[in-house]
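The values are calculated or read from the model by the stated rules, or taken from the named source; none is laboratory data. Because the structure is predicted, anything quoted here is derived from the model rather than measured. Every residue, glycine among them, receives a Cβ derived from its backbone with ideal geometry; neighbour counts consider all protein chains shown. To get the accessible areas, we keep the full protein, side chains included, count just its heavy atoms, and leave off ligands, DNA and RNA. Shrake-Rupley method; radii C 1.70, N 1.55, O 1.52, S 1.80 Å.
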Amino acid sequence: MNERILSTQTSIVQLRNNNDEQASPLLPPLLHSTRYLLLCQLLRANATAYYTTASFLLTSSTLQPFERSSLPNLQNFPLSSPPSPASLSSYCPPPLLTKKTLAIPDSSGPSLTLDSPLPPMNHPLSLYDKLLLAVFKSRVSRYTNYTSPLPDMEGLVDVGRTYLLECDQSSPQPGEKQSEMVKAVLTDLMGPIVPIYRLFMGGFVPRRVAEFFNVPDLADRQVFPGRGYVPYAPFLTSLVTPLFFQFLVGPAAIRRKGDGARGAVVVTKCRFLEMSGCKGLCLHQCKNPAQQLFNDTLGVPLNVQPNFATGECHWAWGEEPPETKEDDSWPAGCLQGCDTRQLIRSAASLS
């Protein structure tokens, strides 16, 4: 590890232990901002060094208290770690969360995934959230031909689970059918925002513009070199998106991507995952359709990465999502407390 990285790690730890509020009321916020920027710098330079330093800060008993929410990136961080030694140089961080560390054996079938041990997050819905939820739920009910008698999020989860069971029984590709339904609902709800986003964020040339300038080959093509989309698109999207999906997943905070760049948000504890308790609903009715909407329709790649140990969910724009089968952070097997698993088994035994 080069001297610059070691120097950055040392500076972060020193700032962490130099939080003297009696010196000046402005000192703590200044130290917090400086430490955050140094952590971002370390993340961009060396992700392994960032994880080691961040884990040390979270678990050290000799430094000032440090919150998880103060980190610029939380991807695959475990919920808790053993206490760290006094020195960063002698600290060995715990392993990142993977499908192996999350798995537990199940005598009746494949390995299961541990449920989050955290208590439920009681985030009341605002009037704005209730309005968005009612509209979204009505569109999903229209596309699935099923209206749930349950209210609010309970009703939305009921519609999603009912559709999952229907697809599992009737479709050769149940996951794809669910994702197509949710993507169609999202596209429908966005309405005129879709062409506006494709132009100003995705960097697509509208067909009429291409025809007007007599360059038909550029119609509906992304023209920005390298990425294709506009360079500022990931960051601006991360600022705006939480305003429109909080009703579904709960509060979110702006964070950094895995490479330290701007353009990511972290959902504090996903409401939809918490209430459904189902990894299949998470994958086919949230993660995949959201990724497909941004990647295929809007032109800005999106990687949605849930943390099943904490209930957090990391959304990173401008980041290509890996295939689920190749994603080591995506555990194999159902969540331990999943009700849908039991319903699928019951339906299978009756058929």
With every protein chain left in place and a probe of 1.4 Å, what is the accessible surface of Ser116, to the nearest 10 Å²?
30 Å²
Spelling it out for Ser60: with amide H atoms placed in the peptide plane at 1.01 Å from N, the residues 5 or more places away or on another chain with amide H under 5 Å from its amide H are Ser84
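Would you please give the FRET efficiency between Lys130 and Ser33, computed as 1/(1 + (r/R0)^6) with r the Cβ-Cβ distance and R0 = 25 Å, to the nearest 0.05? Mind dumping the intermediate values first?
Details: r = 36 Å, r/R0 = 1.43.
After rounding to 0.05, the efficiency reads 0.10.
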Could you please state, rounded to a whole Å, how far the C-alpha centre of segment 218-273 is from the C-alpha centre of segment 183-217?
18 Å
Using amide H atoms built 1.01 Å from N in the peptide plane, name the residues 5+ places from Leu112, or on other chains, whose amide H lies under 5 Å from its own.
Ile104, Asp106
Gained length - Met190 relative to Leu343, 0.36 nm times residue gap less alpha-carbon distance:
51.8 nm
Segment 254-283 scanned against label point 7 Å out from Leu236 along Cα→C-beta; backbone N under 16 Å for 262-264
